[in-house]
Structures are given as structure tokens and as C-alpha cells.
1. Roughly how tilted is helix A:766-775, in degrees to the nearest 10 and between 0 and 90, from the longest Cα axis of chain A?
2. Between their Cα atoms, which of A:388/A:514; A:693/A:751; A:66/A:111; A:324/A:663; A:73/A:664; A:196/A:617 are more than 26 Å away from each other?
3. Run the paramagnetic zone check for residue A:744: 7 angstrom along Cα to Cβ, then residues of region A:623-648 with backbone nitrogen under 19 Å.
4. Packing-wise, with mean Cβ within 10 Å as the measure, how do A:68-75, A:319-326 rank, highest first?
5. Once all Cα-Cα distances of chain A are split into 10 Å bins that start at 0, what whole-number percent is in each one?
6. What is the sum of charges, Lys and Arg at +1 and Asp and Glu at -1, for the other residues whose Cβ falls under 15 Å from the Cβ of residue A:885?
7. Evaluate E = 1/(1 + (r/R0)^6) for residue A:843 and residue A:436, where r is the Cβ-Cβ distance and R0 equals 45 Å; express this FRET efficiency to the nearest 0.05.
8. If you take every residue apart from residue A:570 with its C-beta less than 10 Å away from the C-beta of residue A:570, what net charge results, scoring Lys and Arg +1 and Asp and Glu -1?
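Every read-out reported here was derived from the displayed coordinates using simple, explicitly stated rules and does not represent laboratory data. As the structure is a prediction and not an experimental result, all values here were calculated from the model. Cβ placement follows ideal geometry from the backbone for every residue including glycine, while neighbour counts extend to all protein chains displayed.
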Amino acid sequence: MVFANSQYSEHSNSRILFLHFPHFSKRLFLVSLPSELAGTAAIMEYNFRDIESKWRQQWAANKPFKAADISDKPKYYVLDMFPYPSGAGLHVGHPLGYIASDIFARYKRLKGFNVLHPMGYDSFGLPAEQYAIQTGQHPAITTAENVARYRDQLDKIGFSFDWDREVRTSSPEYYKWTQWIFKQIFNAWYNNDTDKAEHIDGLIETFRTKGNASVNACSDYETVFTSEEWNTKPSKEQSDILMEYRLAYLADSWVNWCPALGTVLANDEVINGVSERGGHPVEQKLMRQWSMRIKAFAERLLTGLETVDWTESVKDIQRNWIGKSVGSSVRFPLWRGIEGEDSEQFIEVFTTRPDTIFGVSFMVLAPEHPLVNEITTDEFRSAIEAYKTAASLKSERDRQADVKNITGQFTGAYAVHPFTGENIPIWIGDYVLASYGTGAVMAVPCGDQRDWDFAKHFNIPIKNIFKDVDISEAAYAEKEGTITDSGFLTGLPIKKAMETAIQAIEEKGIGKGKTNYRLRDAIFSRQRYWGEPFPVFYKDDIPQLVDDANLPILLPEVDKYLPTEDGEPPLARAEQSAWNHFEGDRMETNTMPGWAGSSWYFLRYMDPHNEQAFVSKEKADYWNQVDLYIGGSEHATGHLLYARFWTKFLKDMGFINFDEPFKKMINQGMILGRSSFVYRLADNKTFVSSSLKNEHDVTPLHVDISFVDNDKLDIEAFKNWREEYKNAEFILEEDGSYICGSEVEKMSKSKYNVQTPDELVEKFGADTLRMYEMFLGPLEQFKPWDTKGINGVHNFLRKLWRLFYNEGNIIVTDAEPTKDSLKTLHKTIKKIEEDLERFSFNTGVSNFMICVNELTEQKCHSRSVLEQLVILLSPYAPHVAEELWEALGHEAGSISTAAFPTFNPDFLVEANFAYPVSFNGKMRFSAELPTSMSAQEVQAAVLAMPETEKWLEGKEPKKVIVVPGRIVNMVV
RNA sequence: GCGGAUGUGGUGAAAUUGGUAGACACGCCAGACUUAGGAUCUGGUGCCGAGAGGUGUGCGGGUUCGAGUCCCUCCAUCCGCACCA
């Protein structure tokens with residue numbers, strides 16, 4: 001090896017050699033050398049490497065961050081969204097939220113709280129399984145490797161996690177309880193009368209003694225039976241009926257089927273008609289699947305949002321997703337073909353505008369509506385069939401893309417208007433969704449733009465029921481105005497007409513006031529291997545639960561992680577002997593979705609090793625809600641909704657005492673990567689520099705950012721990157737360099753723009769990384785990663801170090817601090833505390849910089865000042881704080897038991913500004929003054945300020961009033 | 001279309017209830033030290049202007065002694081939902 005430009009680095013210490021490699025222009029490599037090579041001059045500098053490894057070891061050995069289960073201190077629960085341990089490892093974006101929560105957790109400890117700050121892994125999931133399919137390696141092995149890597153990376157950043165409480169969703173000790181919770185949900189129904197989930201046994205008892213007439217449940221089952229009827233039903237039928245009530249149930253549902261992934265997906269896992277993972281097309285398919293009756297909790301999920309401190313935007317996303325609409329159901333009888341005679345059959349619709357019922361001029365059914373075949377007349381049968389086929393071939397995505405194309409088909413059938421007796425033509429059209437409401441709408445073209453468009457397109461007459469409103473160009477959708485031409489509703493204002501219409505509908509017995517939710521039940525089974533097995537077996541085709549004593553049902557070994565040839569899930573490959581517990585005719589071979597394990601992990605941290613319960617009541621009562629949850633807002637419609645749902649369920653069943661899991665949440669913004677591009681010509685071997693690319697026809701290709709420095713490509717490194725680039729040719733800039741293009745994108749392995757925290761920790765230290773990530777900008781903001789400013793933060797820590805050490809000697813004195821130093825200190829205490837309380841970590845870092853700049857200028861080396869500063873700093877830069885705390889003569893590691901410094905306003909002594917704050921004959925000043933000053937002193941100080949003189953313009957104040965809040969009123 | 005958020009120097013950004021706009025940091029400029037520097041130190045740095053001074057927080061208006069902050073109109077960007085009856 002040639003140490004062409006080797007030199008001692010000044011800013012770490014002499015045991016670090018900076019090397020310039022000739023072929024890697026301007027890239028620094030760090031190599032540790034034996035300490036005997038160390039120059040004496042360097043020991044005195046801030047040596048983050050030694051400091052950090054020392055404290056890493058100390059913390060690992062002494063576990064100062066272990067949370068006590070019993071404590072006199074008030075509790076505080078700070079939680080991060082646990083990561084999925086992917087093969088790529090952590091990039092600099094992951095720790096952003098973790099650093100913020102760690103700072104806050106450490107701050108709360110200093111403030112005297114018993115803090116629970118745990119970490120774990122959401123370790124079931126698709127990528128490990130995809131990798132297993134490719135390599136044949138068991139996902140448990142890859143998962144364990146990835147977890148080890150994550151742990152190593154996390155440890156380097158100096159987090160204060162209580163690792164004794166680590167959970168992994170894929171470990172049997174954990175998923176035993178996920179299975180157990182599933183059993184509870186299966187054994188429950190939702191009682192609308194008590195507005196609670198209740199045990200299914202109570203429902204069965206009611207069926208046995210009274211039938212189901214009196215039951216008000218969340219269920220689509222509408223057939224009424226008596227106790228005698230129930231008691232004589234065969235057990236299979238009883239089981240089927242109970243399925244209609246259970247909160248975890250097996251049913252034929254329209255599901256999002258993703259052929260490429262070979263599994264069904266929940267609605268939140270489908271984005272714009274393609275799968276969230278991989279972006280594969282998703283189609284609608286009728287399949288027998290496990291679902292969770294989350295709909296039962298819709299109203300509580302909505303109202304519960306009022307009680308939590310989350311951002312409006314996440315709350316709105318959830319409100320939107322739940323999609324509450326208030327209106328009425330209405331039944332339209334079918335026309336039998338004889339004037340004045342109704343059929344017994346009817347079409348039920350849901351409408352939010354019952355006031356417009358007299359404006360109905362046609363009805364539209366979803367193509368999948370069960371009555372379509374029955375009502376279609378022979379004349380239209382072939383056309384209807386053709387339309388249905390065409391609609392079923394359209395993927396969800398095409399259907400969405402096709403919004404502007406109006407399609408539909410008349411069935412030949414008519415319904416009867418319940419109030420006017422008029423005949424109403426029945427159409428089908430794919431703008432009506434089978435999955436929402438009843439899958440049918442009453443079309444009011446004068447009041448709904450979609451109905452209006454449909455009517456125009458098919459020349460259906462449009463009846464206007466709005467007084468003095470022109471509907472010739474567009475529908476009138478406002479809810480202001482007067483209804484006309486509408487029988488008993490004529491002359492009523494719209495809002496009043498709504499109430500009157502619902503009343504009439506209910507009196508006539510053709511419907512009732514109803515609330516509909518857009519939220520659909522959540523599909524709970526996946527046709528995959530790497531997930532929790534269901535604690536379910538089948539006997540005579542009836543699903544039954546495995547006894548608690550036999551939990552967990554372990555994931556059985558299989559020969560391949562693919563579906564079977566006849567399309568069964570991978571678990572169907574397992575021999576009977578491969579199951580640790582086999583019962584009945586067959587085991588359930590679906591697995592649970594990723595959100596199962598993550599819907600309750602925050603509870604397990606409270607009591608992670610409990611073998612008798614998922615969490616003991618006592619510990620759940622003590623730790624209670626998560627006080628602060630930090631994570632991405634992208635989980636708004638997934639994890640965050642499901643976790644709320646399970647929490648409400650567990651509360652109803654009496655296992656826990658709270659109804660909302662996350663009291664306050666902060667959504668950290670994503671850190672984006674800055675990708676670099678090279679531009680290749682069609683010949684596949686010539687690359688054009690960025691500024692010249694417009695003169696050629698080029699294909700942009702991502703290039704690994706480690707070959708690029710300041711947009712300049714390291715050509716040699718690039719050539720060696722891949723075989724195909726060995727003989728690459730370049731069209732260069734005038735100065736002979738190759739300049740890459742760049743773009744800000746999400747960090748991803750495939751874009752070669754991933755910055756790992758490891759190399760930054762190596763180069764600058766964990767404390768610098770922690771502070772720099774906070775310094776980047778507001779926590780919530782999305783921002784591109786950029787290392788430009790990291791030196792500034794590193795310099796701050798070095799300046800800090802120099803307040804304590806000079807040429808290797810500690811220079812802290814016991815001398816009385818100066819007034820200025822105390823002012824700086826107390827200003828900083830105040831600001832840092834305020835910054836922490838409002839989660840403004842970026843300004844926190846800035847305020848430390850200001851503080852150290854000022855203390856340096858004041859040549860302050862006073863022990864009493866520096867001691868307080870070190871405590872203040874310890875949440876942000878814990879390693880160096882511990883080191884300096886020890887250097888000040890404290891017992892090693894005792895800083896975690898120190899108390900947060902107390903702000904004393906008396907040190908901010910000078911009245912150094914004044915502004916008039918109101919002017920009504922009175923002049924009001926606001927001034928920064930010490931509380932210890934008497935009213936007279938304050939008055940004198942304010943009058944002496946040059947600003948006051950300016951505002952008084954030479955006049956004498958007639959009267960001066962000093963207000964306790966240090967506000968001074970003067971009457972001029 | 002509906003809902004939410006944001007808009008401040010060359011850059012990341014501060015400005016807590018309306019009170020000296022641009023703190024702090026990056027970058028840049030000049031100087032010092034140095035064999036060298038992407039090290040360190042000192043000074044400068046919103047814009048226009050030699051200067052005094054003027055001007056300035058997306059545009060236009062309003063309230064106020066005083067507006068980045070509050071109110072109204074518009075513009076731009078980002079995010080979420082989107083035939084949801």
C-alpha cells in the first residue's frame with residue numbers, strides 16, 4: 001500500500017491516519033494505527049472514538065437505561081415505530097426519529113421520570129420470504145442476521161433503549177400471544193347496545209334462550225330465528241351463523257388479489273391499484289378469507305381521534321379513510337309490469353340526500369349486484385352480460401383510470417318510486433361500487449354531478465327539484481336552498497327536508513336513517529409463509545380454535561416457500577408431522593398479515609417475558625398509554641388504525657384500561673437521498689457528462705454515490721464497478737472531468753443513493769451524527785440528506801471540549817463564574833428546555849452552539865457553569881457528556897441520575913430592550929427584567945433605557961404602572 | 001374535485017403569546033498562520049447604493065402604534081383521498 005499523502009489528522013487524534021488513495025480522488029480512508037505511533041500532541045483533542053467506545057461498553061455492562069416496573073417516580077413511555085429488519089441495513093433516515101425520541105427519553109429521565117424506552121423488530125414480512133424463495137434459505141436465518149446487523153448499527157449511535165425488553169414479532173414467545181389475541185377476537189362479537197365488544201358465549205346463550213330477534217350486533221346477518229330454531233340447527237349451520245357475528249371471521253369477500261405476490265392484500269396495502277410492495281397489479285376476486293370486523297369500531301375510531309394529540313393531517317387521513325356519511329337507507333320495490341302493483345322484491349339504496357328523493361329519475365346497480373341477473377329482461381340479457389364481462393375484466397386500476405368514461409347499461413327492469421309511484425328505469429354501471437353501501441344508488445341527476453353526467457350521456461330526463469336553481473349545465477350539489485316539486489317536501493329548506501324525508505321513509509317502513517362508513521373490514525389472511533400461523537384447525541369443515549395450552553402453533557418447516565401446485569398457501573406443503581400441534585382434519589394454512597404483530601407490540605414491551613399473559617393487568621395499568629410515539633405518517637391508514645382497533649378491543653374485554661394506544665404522536669419526515677446519474681448513449685458504452693447530455697440521445701442510469709464526490713465521478717472506480725463498464729468511454733467536460741446529474745429521491749438500494757450512518761459515526765462520531773441529524777431542520781419535514789454542514793456540528797463539539805481541556809490538561813476552575821457566564825448559562829437552560837418541550841430539536845442544537853461560542857468568548861472554565869451545561873447536553877450528545885461529567889470529578893456513569901438544571905430568571909439581569917405594546921393615551925412597555933428587582937428599580941431601569949426615551953419623545957410620563965409580569969404601563 | 005400542509009438570503013433554516021427579520025450553521029469573500037490544506041484563527045456577507053440611505057418574509061389588499069406571524073383574494077409547490085351515492 002502506498003501512503004501517498006498520508007498525514008496526521010488534527011481533528012481526531014494521531015492514531016488515525018488520513019490517507020489519500022491516488023485512484024479515489026478526495027476520498028478519505030480511516031485506518032487505526034498502533035498507539036505507539038501516536039503523537040503526543042493529539043491526546044488533548046476531542047477523541048470521540050475512544051470516548052464513544054468506552055461509554056458504549058459501560059452502558060452495555062451497567063444497563064443504566066433499564067426501566068423499573070415499580071417506581072415512585074412518575075412514568076413516561078417513549079416509543080419508536082419498530083423497524084422491519086431489511087437486508088440493506090439502516091440508512092441515515094432510520095435513526096432520525098430514534099435520535100429524537102432518545103433525546104426526549106433522556107431528557108425525561110433527567111426530569112425525574114421513570115422512562116420506558118424500548119426497541120424491537122417487526123420481523124415477519126415479505127422481503128425475507130422473497131429472499132428465501134430465491135435462495136432456499138430459511139427466512140428465520142436471514143431475519144436473525146438482519147436483526148444482528150440492525151442491533152450493531154443502533155448500538156453505534158448510542159441509544160438509551162432498554163434492550164432487556166426487546167421484542168421480535170417473529171419469535172414464537174411473541175407470536176404465541178398474537179395467536180392468543182386472535183383467539184379472543186374470534187371469540188367476540190360487537191354489541192351495538194353496549195357499544196362494546198363482548199364474548200361470543202354471551203351471544204350463544206342469547207341465541208339458545210331467546211333467538212336473535214333482540215340482538216343488536218354489528219353483523220350483516222338479517223335472518224331472524226327463535227331459540228327453538230337455533231337449538232335444532234346442525235352445528236355446521238350454527239358455526240356459519242356465528243361467523244356472521246364474530247369480530248374475526250371467515251367469509252367469501254371481494255378481496256384485492258395480487259397474482260404476482262400470490263396473496264391477498266388489505267386496502268391500505270394497495271396504492272393506486274397496485275401493490276404497495278413491488279408495485280404489481282391487483283385485481284378484485286371473490287375468495288374465502290379471514291377478516292377483522294373493524295367496521296364495528298368505526299365510530300369509536302373516529303371519536304377517539306378527538307382525545308389524542310396527533311397532527312391534524314394524520315387525523316384527517318384517518319377520518320377520510322373511515323369515511324363517515326350520514327343519510328338514510330331507502331327500499332325501492334321492483335315493478336312487476338302491472339300498473340299499481342309492487343313486487344315483494346326491492347332494491348335497497350343508501351343516500352346522504354334523502355331530501356332529493358323526488359328528483360330520482362333512474363337507479364343504478366353495481367355490475368356485481370346480486371339482483372342484476374334476476375331483474376334483467378330477456379331483451380337486454382345479452383347486453384347486460386356483455387357489460388358485466390367487460391367490467392369484470394377491468395382491473396381496479398383501469399377502472400380508476402377510466403373515471404371520465406361514462407358507461408352503463410339499461411336492464412329493462414323498473415322500480416317503483418315509493419312516494420310518487422312512478423316507474424324508474426334500472427341501469428347498471430361501474431361507477432357504482434359493489435363494496436360500498438348496498439351496491440346500488442338512487443340517481444338524482446339534478447343534485448349529483450355523476451348522476452347528471454350519466455343522465456346526459458344516456459339521455460335520461462333530468463327533473464329539477466331545486467327552487468330557482470339552473471341545472472342545465474351542471475348538477476346543484478350545495479346543501480343550501482329550497483326544495484320544490486317534491487310532494488310533501490315542497491317549500492322546505494334542504495336541511496329541514498332531510499329530516500322530514502327520513503321521518504317519512506321510516507313511517508312508511510321503507511328504510512331508516514343510517515350512517516355508512518367507507519371503512520371496510522380488514523382482510524386478515526395472507527397466502528404466505530413468513531407470518532404467524534392461525535391457531536385454527538378444521539373439523540368437518542368447521543373452523544375451531546386450538547387450546548391455549550397448545551400455543552404457540554409454530555411455523556412448520558416446508559420444502560419450498562411457494563404456493564402448492566393447486567394454489568394452496570405454502571403452509572399446505574407441511575406434512576402433518578411438521579406441525580408442532582395438529583388437530584382435526586386439517587390446519588389453517590393461511591398466515592396472518594404483517595399488521596397482526598405490530599398492532600399490540602407496544603403492550604408487550606411493558607411485560608416482555610410474561611409467560612402467563614400477553615401483558616399483566618398490573619403492568620399495563622402502570623405503564624398505560626404511550627406518552628410519546630415517534631414514527632412516519634405513512635402508517636396512518638395501516639398500523640396506526642389497526643393498533644387503535646386492537647387497543648379498543650382489548651379494553652372492551654377488560655385486559656387493559658385505556659382505549660387509545662398513543663397519546664401524543666410526532667411524525668418525523670423522511671430523509672431523502674440524493675441520487676447521482678450518468679448518461680449513457682445508445683451504444684451502451686459511451687457516457688456523456690451532465691452538461692453535454694442535451695446534445696445527445698441518452699439514457700440516465702443511477703450510479704453509486706460512493707463514486708461521486710461533489711457531482712464529480714471517479715471514473716476509475718466506476719469502470720471497476722461492473723464488468724460491463726470495464727471498457728466504458730466518456731465524453732468529458734472541458735476540464736477533463738465527468739460531472740454527474742442528480743435528483744432527490746427516496747433512499748433505496750436500487751438507486752445506489754443510500755448513506756449509512758456507520759461511515760459517519762466512523763468519521764465524526766455518534767454524538768456528531770446525532771446532533772447533525774437534529775440540526776438538519778424541523779423533525780417533521782421531508783429533507784434531502786446532505787453532509788455539507790456536518791463539520792459545523794463536529795466543530796461545536798471540539799469547541800466544547802476546549803472549554804474543559806487545553807493541551808491535554810483539564811482547565812476547569814472553581815472560581816466564581818462571571819455574571820456574563822451565568823447569563824449565558826441560564827439563557828441556554830431556558831431555551832433548551834423550551835426547545836425540548838416543543839420538540840424543536842434543531843433549534844436546541846443551535847442554542848448549544850450559541851452557548852459554547854459565548855462561553856468561549858468569555859473564557860469561561862467555571863466548574864459550576866460547565867457542570868450544568870454538560871447535564872443539559874447529555875440527551876443530545878450522551879457520550880461526550882458522560883466523559884466530561886466524569887472529568888469534572890463525578891462518579892462514572894452518574895450523569896443519568898443527575899437532575900435537569902433549574903432556570904433562574906434573575907441571571908438575565910439587564911433590561912436590555914423595551915417596546916411599546918399599545919398606545920391609547922397609555923404606553924405599554926415589555927421589558928426583560930429580573931424578578932428580584934423591586935417595582936421602583938424596574939421603573940427606573942425602564943426609564944433609563946434609550947428606547948424608552950425615544951418612544952417618550954422627550955415627554956415626561958404622567959403615571960407609571962409596573963405590572964408583576966414585568967410589563968410597564970405609562971400614561972403619557 | 002375534496003381535505004391537509006408549505007412558501008423567509010447563494011443553501012439548511014431561526015424568530016415561544018403580533019414587538020430590532022435572517023439567530024445558528026453551511027457556502028462564499030478578504031486576511032493571518034502554514035512546505036501543503038478540504039486544518040485552525042480573525043473580519044465580512046439579504047438585496048440596491050460609493051455613501052447617507054432605501055428596500056426586503058410567494059402576489060395583492062385589510063386590521064394594528066407595530067404583521068413572517070392575524071383576516072380576505074389570488075398564485076405556486078408538496079402530501080393524502082378520489083366515481084364513497
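1. Taking the Cα atoms of chain A, the angle to A:766-775 is about 60 degrees.
2. Details: A:388/A:514 30 Å; A:693/A:751 20 Å; A:66/A:111 16 Å; A:324/A:663 23 Å; A:73/A:664 20 Å; A:196/A:617 19 Å.
Cα-Cα > 26 Å for A:388/A:514; rest within.
3. A:632-634
4. Working: A:68-75: 12.0, A:319-326: 14.8.
Per-residue mean Cβ counts within 10 Å order the peptides as A:319-326, A:68-75.
5. Going from the shortest bin to the longest, the percentages are 2, 9, 15, 17, 17, 15, 12, 8, 4, 1, 0.
6. On the way: positive: A:54, A:106, A:109, A:863; negative: A:52, A:767, A:867, A:882, A:883, A:886, A:891.
Spelling it out: positives minus negatives among the neighbours equals -3.
7. Details: r = 47 Å, r/R0 = 1.03.
After rounding to 0.05, the efficiency reads 0.45.
8. Numbers: positive: A:528, A:560, A:573; negative: A:129, A:559, A:568.
Result for the neighbourhood of residue A:570: 0.
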